[in-house]
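Where a number appears in this text, it was derived from the coordinates with a stated rule and is not lab data. Note that this is a predicted model, so its numbers are computed, not measured. Every residue, glycine as well, gets a Cβ built from its backbone with ideal geometry; the counts of neighbours run over all protein chains shown.
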Ligand code: ADP
Ligand code: TRP
C-alpha cells in the first residue's frame, strides 16, 4: 500500500494541519510506503516572497521531522525536486475538462473572496493529480477541504485509463471524521487565511497562550451550565484528551461553575504537554540543518526513481516518439 500526502509551505502549521494531515500520514508510515512532500510548486500560485517561501519550506521540513516523520520509513521530499511533476501535470491537463476544474470549491471560494485567479490557481488540482498519480498512491490522507481534489484526481485517472488501459491506480482520500474540520479561534474552520490559527510550534509560548485565550465562546456566566458540544474550547480539547478526561470536562461543563477561562487554560496545558517532546526534538534538529537537507535529498532521489519509471511508461502509452 502506498500512502501519499503533501502540504504547502505557506506558513507555520496549525492544529488543523497537524491533526487532519500531518499526524495521519506520519502514523501511516508504519503501515505502508508513505510518500510525504512539501508542495512548493503549488505555493507559486500565490507568488510568494522568495525569502518567506524558502524559510517556510525549511521550517515545514523541521516540523515534519519533529512530529515523528521517520526518513527510514517514509520518503520525504520537496515537490519541486521532482521535475517530472509539471510534465505529468501537462499531460493530465489534456484529459481534464474545463468544467471539472470550474466546479472545484476551493477555486470558487477563492474567486468569491476577491482573489483574481491566475491560470496556476485554476490548474492547481491537475498539479495535485500529478503528485498523487505519479507514485501510484492508494491512500491520500487530507482534511475535508481537499477531498474534492482527490475525487478530481480519480476522474482524470479514469479518463486516462479509458484511453490507454489501466495505467493509473485510483486513489482513495482518507479523511478522519473527528478531525476533518478543526475549528479555529473564531469558530470558523481553522485556516491561515482567516488568521484564526493556533500554531503547533510557535517559539513564543506566551503568544500561543494568547491564541488560546482568544477562542470565542458564548457569554454564559461561570455559574451557568454549558453545552460542551457547542463550544470551540471543548472541540479542541477533544483532540488531545483521553476519553476519561473528555467525559470529566463534559460533566464540568454541564454542571455549571466552570469558567471558560479555566477551560482555556486546561486546553493550553494539555496542548503544551502533548507537543513538548516534539518541540524538544525540533530544537535539536535546528542545530543540524545538514541532516535535514540530506533527508530531503535522499527522499528526492527515491521519489525521482519512481517518477522516471512512471513517466517512461506514460510517454510510451501516449506515443511520444522517444
Ligand atoms: P490553510 O487553510 O491553513 O492554508 P492548507 O490549505 O495548507 O491549510 O491545508 C493543508 C492540509 O491541512 C490539507 O490537507 C487540509 O485539508 C488540512 N487542513 C487545513 N486546515 C484544516 C482544518 N481546519 N481542519 C482540518 N484539516 C485542515
Ligand atoms: N493541495 C494540498 C493543500 O493545499 C497540498 C497538496 C499538493 C497535496 N499535492 C497534494 C495533498 C497531493 C495531497 C496529495 O493542502
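Among all residues of region 103-124, there is none that is part of a helix (DSSP H, G or I), in contact with a helix residue (DSSP H, G or I) (Cβ under 9 Å, 6 or more places away or on another chain), within 23 Å of residue 31 (Cα to Cα) and in contact (Cβ under 8 Å) with a residue 60 or more places away in the chain. In the set (1) more than 29 Å from residue 209 (Cβ to Cβ); (2) crowded, with 17+ Cβ neighbours inside 10 Å; (3) within 14 Å of ligand 2 (Cβ to nearest atom), residue 95 fails one condition alone, (3). A residue that is over 23 Å from residue 293 (Cβ atoms) and either within 16 Å of ligand 1 (Cβ to nearest atom) or within 15 Å of the chain's Cα centre (by Cα) (or both) cannot be found anywhere in region 76-87.
Residue selection: residue 34 satisfies the criterion of being away from ligand 2 (no atom under 11 Å from the Cβ), buried (at least 18 other Cβ atoms within 10 Å of the Cβ) and over 22 Å from residue 290 (Cβ atoms). Residues in region 129-148 that are buried (at least 24 other Cβ atoms within 10 Å of the Cβ) and part of a helix (DSSP H, G or I): 6 in all.
Here residue 50 fits the description: over 22 Å from residue 73 (Cβ atoms) and away from ligand 2 (no atom under 13 Å from the Cβ).
Please go through region 44-56 and pick out each residue that is crowded, with 19+ Cβ neighbours inside 10 Å and out of contact with any helix residue (DSSP H, G or I) (no Cβ under 6 Å at 6 or more places or on another chain). The one that is crowded, with 19+ Cβ neighbours inside 10 Å and out of contact with any helix residue (DSSP H, G or I) (no Cβ under 6 Å at 6 or more places or on another chain): 56.
Against the numbered list (1) in a helix (DSSP H, G or I); (2) touching a residue at least 60 places away in the same chain (Cβ under 8 Å), residue 96 comes up short only at (1). Of all the listed residues (27, 72), the sole one being surrounded by fewer than 23 Cβ atoms within 10 Å (Cβ to Cβ) and not in a helix (DSSP H, G or I) is 72. The set of residues from region 1-16 being within 13 Å of ligand 2 (Cβ to nearest atom) and in contact (Cβ under 8 Å) with a residue 60 or more places away in the chain comprises 2, 3, 4, 5, 6, 10, 11, 13, 14, 16.
For the list (1) touching a helix residue (DSSP H, G or I) at 6+ places or on another chain (Cβ under 6 Å); (2) buried (at least 20 other Cβ atoms within 10 Å of the Cβ); (3) within 22 Å of residue 196 (Cβ to Cβ), I need the number of the one condition that residue 11 fails. Against the list (1) touching a helix residue (DSSP H, G or I) at 6+ places or on another chain (Cβ under 6 Å); (2) buried (at least 20 other Cβ atoms within 10 Å of the Cβ); (3) within 22 Å of residue 196 (Cβ to Cβ), residue 11 comes up short only on (2). Taking region 181-276 as the region of interest, the helices (runs of 4 or more DSSP H) fully inside it that hold 1 or more residues being surrounded by 13 or more Cβ atoms within 10 Å (Cβ to Cβ) and touching a strand residue (DSSP E or B) at 6+ places or on another chain (Cβ under 7 Å) are 205-213, 232-240. Looking at 159, 144, just one residue is out of contact with any helix residue (DSSP H, G or I) (no Cβ under 7 Å at 6 or more places or on another chain) and either closer than 22 Å to residue 5 by Cβ or within 16 Å of ligand 2 (Cβ to nearest atom) (or both), and that residue is 144. Identify the residue in region 1-18 that is near ligand 1 (Cβ under 7 Å from one of its atoms) and in a helix (DSSP H, G or I) and, among all such residues, is nearest to residue 61 (Cα to Cα). Top of the filtered list is 17.
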